[in-house]
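The values are calculated or read from the model by the stated rules, or taken from the named source; none is laboratory data. These numbers were taken from a predicted model, which means no experiment stands behind them. Backbone-built Cβ (ideal geometry, glycine too); neighbour counts: all protein chains shown. Heavy atoms of the whole protein, side chains included, go into the accessibility calculation; ligands, DNA and RNA do not. Shrake-Rupley method; radii C 1.70, N 1.55, O 1.52, S 1.80 Å.
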Amino acid sequence: MSYSTFTMQYPSLTSENLLDVLRLIRTLNVGPVTFFHLIRKFGSAKAALDALPDLSIRGGRKNPLVACPRENVLREIDDVSRFGAKLILYGAPEYPKLLHTLNDPPPVITVLGHTHLWQQKDSVAMVGARNASANGCQFAGRLSRELGENNIVVVSGLARGIDTYAHKGALDSGTVAVIAGGIDNIYPPENEGLYKLIGQGGAIISEQPYGAIPYSGAFPGRNRIIAGMTLGTVVVEASPKSGSLITARFAVENNREVFAVPGSPLDPRSKGCNQLIKQGAIMTESVGDILQGIASLRNTTLEETPAVTYASDTRETAPNKNEMAEMRRKIIGKLGITAVSVDELIEQCETLPQTVLTILLELELAGRLKRSSGNKVYLTEMMEEVA
């Protein structure tokens, strides 16, 4: 598994008003990819907010999309502050540097604890089965402790099983938990004590609004952050359909390294790890395997934090209304409920990329299109053409 020099995808948000950024990303149907498409197209979060109603109508929405109310966002900012956490924008010095390089980075994260951990040290993710064996938990704890002794920050998801022991092993050196709910929502409940210890000596990260309850769709997003802010992901016990393999997949998609602890072929919890090794993951039997695996990555030079100013892309001549209507019909005809690559759509439609991206944006804001990993999109349901 190779590791290439990262390319910054998006403009910094540090010159933006936090209120505008939060209103935009907290709006219905606006995810991280859509957020940054809007920023690039309109030049600022404020301008994007103004454009939402018209874009959603063009995508086929019956009633104009309404941005997240200002009072909701003001309440969130106040709640986060009173909780003792902070909101950090993409591009800010405290934002995890490696996280900048994802295809879908969170525009804003909420952090409780010490941001210096990932600013001063390298990070490695450790994930695995929730119903982990006693030996698996013990091994995860030992690996984490030894990584901490080698000045490596261990990042995990605060879940039961391997995640729990990964955090426990690294408490003395500082560990980072990425959670799927709001920064104040402790899940699972039995990890409340561990949550408090991590908040005191390490850090907790969430991209969800304050007060949000974890739901199934939020966990893959949590996993992409775990993989995205680290040099590599270590998997200790995982079934073939485990969420840990989703984290490993995110690591591969973003040119990070993947490490897997081998296990007995008779134990279902080892099948995922053994499968990863067959696919090219580094077989991991000791901390030395991890240190050796990330050695070449430590010296990789990342590009500077993105510029603090930007403008919308005006290099392409926008199609007129009739041309856009015709292209909208063509794109809808090529879409279905099975995900397709955006690059493939652009190639087949034989038009300017920006035109395709704009139409996909309209459909998403109308609630008719979803995005999946690997830069793919699909319709929420089969639909008639939209003029």
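Only residues that are of a type outside the set (F, W, Y), under 30 Å from Q120 (Cβ atoms) and surrounded by fewer than 22 Cβ atoms within 10 Å (Cβ to Cβ) were counted in the range 210-222, giving 5. Within the range 160-182, how many residues turn out to be among the aliphatic types (A, V, I, L, M), farther than 14 Å from T230 by Cα, open to solvent by less than 10 Å² (accessible area, probe 1.4 Å) and free of Cβ contacts under 8 Å to residues at least 40 places away in the same chain? Of the residues in that region, 1 qualify. Selection of the range 48-98 for residues being more than 23 Å from the chain's Cα centre (by Cα), of a type outside the set (D, E, K, R) and outside any helix (DSSP H, G or I) yields G59, G60, N63, P64, L65, V66, P69, G84.
Against the definition (out of contact with any Leu (no Cβ under 7 Å at 6 or more places or on another chain), open to solvent by 40 Å² or more (accessible area, probe 1.4 Å) and assigned to a helix (DSSP H, G or I)), how does K271 come out, yes or no? For K271, the condition - out of contact with any Leu (no Cβ under 7 Å at 6 or more places or on another chain), open to solvent by 40 Å² or more (accessible area, probe 1.4 Å) and assigned to a helix (DSSP H, G or I) - is met. Selection of the range 274-303 for residues being modelled with pLDDT under 90 and not in a loop (DSSP other than H, G, I, E, B) yields A295, S296, L297, R298.
P265 satisfies every condition listed in (1) out of contact with any strand residue (DSSP E or B) (no Cβ under 9 Å at 6 or more places or on another chain); (2) assigned to a loop (DSSP other than H, G, I, E, B); (3) open to solvent by less than 50 Å² (accessible area, probe 1.4 Å) except (3).
Restricted to the range 245-262, and to residues there that are touching a residue at least 24 places away in the same chain (Cβ under 8 Å), of a type outside the set (D, E, K, R) and not in a helix (DSSP H, G or I), the residue that is most open to solvent (accessible area, probe 1.4 Å) is N255.
Just one of the listed residues (Q138, Q119) is more than 19 Å from D267 (Cβ to Cβ), open to solvent by 10 Å² or more (accessible area, probe 1.4 Å) and in a helix (DSSP H, G or I), and it is Q119. For the range 162-208, taking the residues that are among the hydrophobic types (A, V, I, L, M, F, W, C) and in a loop (DSSP other than H, G, I, E, B), the one that is nearest to R142 (Cα to Cα) is identified as A170. Among residues of the range 91-112 being more than 22 Å from A212 (Cα to Cα), among the hydrophobic types (A, V, I, L, M, F, W, C) and open to solvent by 10 Å² or more (accessible area, probe 1.4 Å), the one that is modelled with the lowest pLDDT is L98.
Tallying residues that are surrounded by 23 or more Cβ atoms within 10 Å (Cβ to Cβ) and part of a helix (DSSP H, G or I) within the range 223-244 yields 7.
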